[in-house]
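> Input: one structure, supplied below.
Throughout, read-outs are computed from the coordinates displayed, never taken from laboratory work. As the structure is a prediction and not an experimental result, all values here were calculated from the model. As a convention, Cβ positions derive from the backbone with ideal geometry for all residues, glycine included, and neighbour counts pool all protein chains shown.
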Amino acid sequence: MKRRSLLGGLAVALLAASGAAWRWHLFGHRYAPTPYDDLLDQIVDREPAARLGAVVAKARPGLTAPSLAKILRQPGETLAVRAIRDADQNRLMEADGWLLPESVGLYAALAAKV
């Protein structure tokens, strides 16, 4: 009996999680398609990321969307994985007084460029 309650609870949790994901898909932010959506889809809300990215882009004026995509497109490398590794390896950048992992700044700069 305990196994059935555990499986039932797990099924309810999975349904709730999939329902939340579906609601986000239906009612979440919509953005015009870009050639960089494989990267930008990892950002939950692009608008604040773009504001941060504008600061990063101002500090590094040579960055373009294609050059950022070339840097960021690495097989199996997600924003979350890269950000943790950057912080662990002390690869940080300063943007308007904030220290952030380099990958976070570059993803934000890409959001600002599109």
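> So which residues in segment 78-108 are within 18 Å of ALA54 (Cα to Cα), more than 12 Å from the chain's Cα centre (by Cα) and either surrounded by 14 or more Cβ atoms within 10 Å (Cβ to Cβ) or among the hydroxyl-bearing types (Ser, Thr, Tyr) (or both)?
Result: LEU92, MET93, ALA95, LEU100, PRO101, GLU102.
> Does segment 60-73 contain at least one residue that is without any contact (Cβ under 8 Å) to a residue 60 or more places away in the chain, out of contact with any Ser or Thr (no Cβ under 9 Å at 6 or more places or on another chain), within 22 Å of HIS29 (Cβ to Cβ) and buried (at least 19 other Cβ atoms within 10 Å of the Cβ)?
yes
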